[in-house]
Amino acid sequence: MGASGRLLRAVIMGAPGSGKGTVSSRITQHFELKHLSSGDLLRQNMLQGTEIGVLAKTFIDQGKLIPDDVMTRLALHELKNLTQCSWLLDGFPRTLPQAEALDRAYQIDTVINLNVPFEVIKQRLTARWIHPASGRVYNIEFNPPKTVGKDDLTGEPLIQREDDKPETVIKRLKAYEAQTQPVLQYYQKKGVLETFSGTETNKIWPDVYSFLQTKVPETTQKASVTP
């Protein structure tokens, strides 16, 4: 089906730190489709105090995962407003029951899977160190301290937030893998899974871009120049 065909129903998948956010925003910059992030949708509903937002908040406040049926209701309800556009789902479906429920409502054409090596992601996600007293933030990859583990100005020791510690990061990545493996296999079986592998977003992006050029119209230059 070429770019001129029917509306595209797409999903993007990738672990935390895989560059999924960057790739998603580039996709929406270059192509005529709506990006629907389940995280943004959730925050929006919680802020507005919608029925489903209130429900979701009760789970989050208890430190629990939001159940499949709640996430599914949230996403499908929003997709009802987007029947006239091509869309890219991000963060949903995250589990097999969510994928199956989505399938009952829409036929998914393509699933873009960003496959970045575990070690690379781990390095990315554990690169942040903080000087607690001043709030200065260092990144081992982009702006490392002059002396390893010490603040540039005071020489005081740097610390890592709980979220940035290797053991936390590994736990998150393992949880993501366990949850999404069945989803990836499900889409693989359906023949709609497209996996893009690499260690750098800028090297993965051109492949995603040329792939989508065959699927969905690009945004007109005119539109992207308008302030």
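The values are calculated or read from the model by the stated rules, or taken from the named source; none is laboratory data. On a predicted model such as this, the values are computed, not experimentally measured, just so you know. Here the Cβ is made from the backbone with ideal geometry for all residues, glycine too, and neighbour counts use every protein chain on show. We work out accessible area using only protein heavy atoms, side chains counted, and drop any ligands, DNA or RNA first. Shrake-Rupley method; radii C 1.70, N 1.55, O 1.52, S 1.80 Å.
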Listed residues MET46, MET71 arranged by accessible area, highest first, probe 1.4 Å: MET46, MET71
³J(HN,Hα), Karplus 6.51/-1.76/1.60, whole Hz, each residue of region 206-216, x for Gly, Pro: x, 5, 5, 4, 5, 4, 6, 4, 8, 10, 8
Residues whose placed amide H lies under 5 Å from that of ASN113, excluding near-sequence neighbours: MET13, GLU194, THR195, PHE196
Highest-fluctuation residue, PHE59, PHE92, PHE211 considered, GNM on the chain with Cα pairs under 10 Å: PHE59
Phi to ³J(HN,Hα) by Karplus 6.51 cos²θ - 1.76 cosθ + 1.60 over region 121-135, Hz, x for Gly, Pro: 5, 4, 4, 4, 7, 10, 7, 8, 10, 10, 9, x, 5, 9, x
Average accessible area per residue (Å²) across the chain - probe 1.4 Å, nucleic acids and ligands excluded: 57
20 Å Cα-Cα reach of LYS174 towards lysines, excluding residues that sit fewer than 8 places from it in its own chain: LYS20, LYS64, LYS122, LYS165
Long-range HN-HN contacts of LYS150 with modeled amide H, under 5 Å: LEU158
Nearest 10 degrees, 0 to 90: helix 166-190 Cα axis against the chain principal axis: 20
Phi-based couplings in Hz for region 77-86 (Karplus 6.51, -1.76, 1.60; Gly and Pro marked x): 4, 6, 5, 4, 7, 10, 5, 8, 10, 6
Principal-axis tilt of helix 51-61 within the chain, Cα atoms, nearest 10 degrees: 30
Solvent-accessible area, 1.4 Å probe, carbon plus sulfur percent, for the chain: 54
Residues in region 78-94 that a label on VAL54 would reach, taking backbone N under 15 Å of a point 7 Å out along Cα→Cβ: none
Exposure of LYS165 as accessible area (Å², to 10), given a probe of 1.4 Å and all protein chains: 60
Using alpha-carbon coordinates, inclination of helix 38-48 to the longest axis of the chain, degrees: 90
Label-to-label distance, nm, for residues given as LYS174 and ARG161 (7 Å Cα→Cβ offset): 2.3
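Show that you can apply the helix-only estimate: for the chain, add -39,500 (n - 2.57) for every DSSP H stretch of four or more residues, divide by all residues, and state [θ] at 222 nm to the nearest 500. Please report the intermediate quantities before stating the final value.
Working: 9 runs with 106 residues, N = 227.
Computed ellipticity for the chain at 222 nm equals -14500 deg cm²/dmol.
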